[in-house]
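The next block holds one structure in the form of structure tokens; read it before the comments.
The values are calculated or read from the model by the stated rules, or taken from the named source; none is laboratory data. Because the structure is a prediction, the values reported are computed rather than measured. A quick note on method: Cβ atoms are made from the backbone with ideal geometry, for glycine too, and the neighbour counts reach across all protein chains shown.
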Amino acid sequence: MQGKSIVISAPSGAGKTSIVNFILAKIDSIEFSVSACNRPQRPAEVNGKNYHFLSTSDFREKIDKGLFLEWEEVYPDQFYGTPFSSVKTIWERGKHVIFDVDVKGGLNIKSKFLNNCISIFIMPPSLEELKNRLLKRGTEKNNSIEYRTQKFEEEINYKDQFDFVIINDKLEVACDETLNLITNFLNK
């Protein structure tokens with residue numbers, strides 16, 4: 001059985017991971033698809049739970065073998081991707097899969113699953129607020145924040161290609177709006 005797919009995409013710092021964690025706590029029939037990346041692991045992250053942390057050579061080898069549902073070089077020499085095996089395992093357990101992915105990755109997944117997928121774009125209320133969130137996160141260097149804010153300006157051009165856009169001005173409201181959209185989709 002193939003379950004349904006839920007894509008949550010956003011510029012870095014918009015709150016997509018917080019919203020995905022909220023959804024996972026509310027809906028038992030959804031399971032998180034753990035993405036792979038080659039960036040350094042952050043202190044609070046757990047390999048295999050937050051991401052599958054791979055070396056650049058391992059990541060490139062998996063690309064060459066066609067083992068990703070989608071993959072993207074999100075930042076120069078910084079790869080992110082969704083292993084086919086993660087999605088297949090979730091569906092074999094009879095669950096629906098939720099993806100926390102970058103904007104282009106989200107659109108790639110949507111194009112593969114079409115009507116069996118809902119795609120939601122999370123928008124920060126402003127560029128200034130996005131910068132503040134990245135600074136508060138404390139995991140980014142200044143040049144990284146500048147690069148991410150430039151990427152934000154590129155990524156918002158894709159928002160209309162998603163099924164829904166949620167503005168994350170207040171996290172609780174954005175979580176509830178996203179939960180309602182997903183619940184309606186799963187009940188179709």
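What to note about this one:
- Positions within segment 31-54 being in contact with a helix residue (DSSP H, G or I) (Cβ under 7 Å, 6 or more places away or on another chain), assigned to a loop (DSSP other than H, G, I, E, B) and under 24 Å from F113 (Cα atoms), in sequence order: S33, V34
- Test: residue in segment 12-21 that is assigned to a loop (DSSP other than H, G, I, E, B), loosely packed, with under 14 Cβ neighbours inside 10 Å and of a type outside the set (K, R): no
- Residues of segment 147-182 classified as outside any helix (DSSP H, G or I) and in contact (Cβ under 8 Å) with a residue 24 or more places away in the chain, total: 8
- Sole residue being charged (D, E, K, R), part of a loop (DSSP other than H, G, I, E, B) and modelled with pLDDT of 95 or more, chosen from D28, D58: D28
- Here Y51 meets each of (1) over 18 Å from S9 (Cα atoms); (2) at pLDDT 90 or above with one exception, condition (1).
- One residue from F53, F59 being among the hydrophobic types (A, V, I, L, M, F, W, C), farther than 23 Å from D163 by Cβ and touching a Phe, Trp or Tyr at 6+ places or on another chain (Cβ under 7 Å): F59
- Looking across segment 88-121, the residues that are in a strand (DSSP E or B) and at pLDDT below 95 come down to D100, V101.
- Residue list for segment 20-35, restricted to those being free of Cβ contacts under 8 Å to residues at least 60 places away in the same chain and over 17 Å from A10 (Cα atoms): A25, D28
- Of all residues in segment 140-178 being modelled with pLDDT of 70 or more, under 15 Å from G13 (Cα atoms) and β-branched (V, I, T), the one that is surrounded by the most Cβ atoms within 10 Å (Cβ to Cβ): I166
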